[in-house]
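Engineer: Structure provided below as structure tokens; questions to follow.
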Ligand SMILES: C[S@@+](CC[C@H](N)C(=O)[O-])C[C@H]1O[C@@H](n2cnc3c(N)ncnc32)[C@H](O)[C@@H]1O
Ligand code: SF4
């Protein structure tokens with residue numbers, strides 16, 4: 001049976017950040033008890049149909065899961081590790097925001113079984129934090145990282161770069177400060193303008209500009225260069241880790257392994273009855289809870305994925321990784337041979353241009369290729 005990664009979505013935040021299009025909502029009162037009951041019901045529903053699979057990771061994502069009551073996190077970890085068969089080295093991550101209220105709960109999350117924390121720092125620059133609409137200061141972010149490093153065996157944090165008017169020198173300095181804080185993993189995202197966000201409106205009105213492509217590319221290269229000085233390898237387009245400290249949960253997505261997703265708006269890819277199924281849950285928290293109360297789960301769609309679509313998805317995800325895609329696994333998983341999944345002319349051209357490498361064992365995007373995946377993949381994939 002395929003091993004399983006479990007994603008648990010917590011859909012609430014203290015405030016909505018102007019750049020963010022994640023499924024996150026602000027509510028006066030957090031329905032802690034109702035959310036816990038509904039998440040437990042969905043977990044039991046998935047466990048009953050998926051069977052006693054080996055559970056390799058649990059990821060509490062959001063939204064802001066550090067707004068969850070630690071007792072809820074403990075109950076869900078207890079359920080998940082009883083209903084599935086936890087791997088001895090199971091990775092249990094919780095995303096946290098650095099405000100003091102949330103950092104105050106770190107010890108309780110650790111006691112609940114969380115062994116990795118991923119902190120949404122975004123920037124160490126006061127003006128940038130204000131621009132990004134964050135509820136915390138740089139000092140609070142540093143304090144949360146230091147506390148997290150004392151409490152959790154593994155820690156990661158997120159930064160957003162390629163911000164308006166950011167220079168290469170300023171980004172290098174900010175990054176060096178981040179790297180000196182001794183996390184074993186960093187997620188470094190270029191600011192993107194997502195449809196429907198407040199930033200999309202402001203950007204559309206010309207109220208701020210993003211760095212030109214050439215500067216953005218230099219910022220990306222500077223990121224990899226500074227990271228390498230601290231032994232952090234770019235193992236995925238936006239993710240850097242010391243060898244062995246890669247996020248196992250995210251690797252399961254990129255390697256196209258099975259994952260179950262519970263909670264509002266969560267997606268899953270699960271092997272069921274000989275085929276791979278795509279699952280989605282209702283996005284609105286209250287509507288999702290009502291569905292779970294009625295049916296035991298808040299699924300809005302569950303569809304088998306055709307072999308051709310599996311092949312596309314596996315390449316879309318896997319080419320983001322520096323290790324590329326294992327071809328024996330690709331074919332065993334999807335039932336499709338690489339030559340039937342890609343355009344032969346485009347594959348040859350990408351290899352000639354130095355964007356892709358191919359051996360009988362793997363197809364891999366080079367560093368240059370990983371930069372250009374958005375442009376290459378539509379032409380490459382059948
Ligand atoms: C679900 S959020 C992280 C958890 C937590 N709510 C927080 O904000 O600290 C995932 C991460 O995606 C990144 N992100 C979200 N929207 C983005 C955007 N438009 N551009 C770049 N990065 C973005 C941020 O770094 C954020 O920390
Ligand atoms: S970035 Fe994080 S805190 Fe901000 S709205 Fe998105 S999920 Fe919530």
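The values are calculated or read from the model by the stated rules, or taken from the named source; none is laboratory data. Values in this document were obtained by computation on a predicted structure and should not be read as measured data. With ideal geometry, Cβ positions are generated from the backbone for all residues, glycine too; neighbour counts draw on all protein chains shown.
Engineer: Within the stretch 3-33, which residues are away from ligand 2 (no atom under 16 Å from the Cβ) and surrounded by 15 or more Cβ atoms within 10 Å (Cβ to Cβ)?
Structural biologist: Correct list: 3, 4, 5, 6.
Engineer: Tell me, which residue of the stretch 132-162 that is within 14 Å of ligand 1 (Cβ to nearest atom) and touching a residue at least 60 places away in the same chain (Cβ under 8 Å) is nearest to residue 74 (Cα to Cα)?
Structural biologist: So, considering only residues that are within 14 Å of ligand 1 (Cβ to nearest atom) and touching a residue at least 60 places away in the same chain (Cβ under 8 Å), the one nearest to residue 74 (Cα to Cα) is 156.
Engineer: Separate question: Step by step: first the residues of the stretch 1-32, then only those that are within 16 Å of ligand 1 (Cβ to nearest atom) and part of a strand (DSSP E or B), then the one that is nearest to residue 260 (Cα to Cα). Which residue is that?
Structural biologist: 7
Engineer: In this structure, does residue 172 turn out to be without any contact (Cβ under 8 Å) to a residue 60 or more places away in the chain, exposed (fewer than 14 other Cβ atoms within 10 Å of the Cβ) and part of a helix (DSSP H, G or I)? Break it down into steps so the answer makes sense when it comes.
Structural biologist: On the way: without any contact (Cβ under 8 Å) to a residue 60 or more places away in the chain: yes; exposed (fewer than 14 other Cβ atoms within 10 Å of the Cβ): no; part of a helix (DSSP H, G or I): yes.
Judged against the criteria, residue 172 is not a match.
Engineer: If a residue counts only when it is over 19 Å from residue 55 (Cβ atoms) and touching a residue at least 40 places away in the same chain (Cβ under 8 Å), which strands (runs of 3 or more DSSP E) contained entirely in the stretch 234-342 have at least 1 such residues? So that I can check it myself, show each step before the final result.
Structural biologist: Values: elements: 239-241, 259-262, 267-272, 275-281, 299-304.
Passing ranges, in order: 239-241, 275-281.
Engineer: Separate question: Select, from 65, 86, the only residue that is within 16 Å of ligand 2 (Cβ to nearest atom) and at pLDDT 95 or above.
Structural biologist: 65
Engineer: Still on this model: Out of the helices (runs of 4 or more DSSP H) lying entirely within the stretch 80-149, which hold 3 or more residues that are within 18 Å of residue 15 (Cβ to Cβ) and in contact with a helix residue (DSSP H, G or I) (Cβ under 8 Å, 6 or more places away or on another chain)? Walk me through it before giving the result.
Structural biologist: Values: elements: 100-103, 106-112, 126-131.
It comes to 100-103.
Engineer: What's the number of the only condition in (1) within 10 Å of ligand 2 (Cβ to nearest atom); (2) touching a residue at least 60 places away in the same chain (Cβ under 8 Å); (3) more than 21 Å from residue 278 (Cα to Cα) that residue 91 fails to meet?
Structural biologist: Result: residue 91 fails condition (1) only.
Engineer: Report, by residue number, each residue of the stretch 188-233 that is away from ligand 1 (no atom under 16 Å from the Cβ), assigned to a loop (DSSP other than H, G, I, E, B) and within 22 Å of residue 247 (Cβ to Cβ).
Structural biologist: 230, 231, 232
Engineer: Among the candidates 379, 322, 349, single out the residue that is surrounded by 14 or more Cβ atoms within 10 Å (Cβ to Cβ) and either modelled with pLDDT under 95 or farther than 21 Å from residue 252 by Cα (or both).
Structural biologist: Exactly one of 379, 322, 349 is surrounded by 14 or more Cβ atoms within 10 Å (Cβ to Cβ) and either modelled with pLDDT under 95 or farther than 21 Å from residue 252 by Cα (or both), namely 349.
Engineer: Name every residue in the stretch 43-69 that is in contact with a helix residue (DSSP H, G or I) (Cβ under 6 Å, 6 or more places away or on another chain) and assigned to a helix (DSSP H, G or I), in order of residue number.
Structural biologist: 43, 47, 66
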